[in-house]
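Worksheet: one structure, shown below.
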């Protein structure tokens, strides 16, 4: 059962591509508005925004990136022969193959238009990785699930994935009283009974998995290197993210 969605992280520099275009001597810091400052030789040389993009269907009012431009969709399927296009707010069309849907960003203009945030805790993690020589390009976004099984038309039970085909009921959206589900109970569902969608938290942020921390751990040569990194993580309030990995690394498992 797929519980995450593959994504990429683009930056507003270099025509909305990946972060690799920066040099190894650059360093990042997080600004109060969640934009990212790029430092070189003690001075800010640039500020950037991050965009989490996926290769998923682009629908009306979605924002997307195509050929170095940010655009908003007004029509999700415009056919021309066998090709599919997206129409933007100016009436121009873009081939769907070259469009990347934006599902989260630090760009406040898009946040104000309803695009979810990238959580500040993940941004701190992202910056820490960059400043330790690792540029995160690929990401995995946590999915949420719902099902209409045993319910009426347009009624859903919302679910949190536990493992394999097991889920916890988190919310029930039914027009009349029903006895099929109880919030907090664990239930089993087959894949064909489920709909998945990107999970948006109550603070309008999405959850991005932090598996990239393994790469950083493996890049450290000594326990002193690890200790130095942990001090920085503690300052940023991210130390708890490392506990399971630290235990395995220290015991050589």
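To make sure I understand, if each residue's beta carbon is the centre and we count other beta carbons within 10 Å, what order do 103, 183 fall in, fewest to most?
Placing the least packed residue first, the sequence is 183, 103.
Under the 0.36 nm per residue contour assumption, what length would be gained going from the current alpha-carbon distance of residue 26 and residue 191 to full extension?
Extra length from residue 26 to residue 191 when fully extended: 54.9 nm.
Calculate the spin-label point distance for residue 90 paired with residue 209, positioning each point 7 Å from the Cα along the beta-carbon direction, and give it in nanometres.
3.9 nm
So between residue 76 and residue 33, what do we pick up on full extension, going 0.36 nm a residue minus the alpha carbon distance?
Stretched out fully, the residue 76 to residue 33 stretch lengthens by 12.3 nm.
Sorting 99, 73 on the 10 Å Cβ count, fewest up front, what's the list?
Working: 99 22, 73 19.
So the ranking, lowest neighbour count to highest, is 73, 99.
Please state the relative contact order of segment 98-212 as a whole percent: Cα pairs under 8 Å, 6+ residues apart?
27 percent
For segment 1-155, what does the relative contact order come out to in percent, with C-alpha contacts under 8 Å and a separation of six or more? Before the final figure, lay out each step's value.
Values: 273 pairs, mean separation 40.0, N = 155.
Over segment 1-155, the number comes to 26 percent.
Can you grab the distance from the C-alpha centre of segment 36-58 to the C-alpha centre of segment 124-143, Å, no decimals?
12 Å
Hey, can you rank 34-44, 141-151 by average C-beta count inside 10 Å, highest first?
Values: 34-44: 13.9, 141-151: 18.0.
Order by mean packing, descending: 141-151, 34-44.
Using all Cα-Cα distances in segment 113-163, what percent lands in each 10 angstrom bin from 0 up to the longest?
18, 29, 27, 17, 8, 1
We did not get these values from a lab; they are worked out from the coordinates using the rules stated. As the structure is a prediction and not an experimental result, all values here were calculated from the model. Cβ sites come from the backbone with ideal geometry, for glycine too, and all protein chains shown count toward neighbours.
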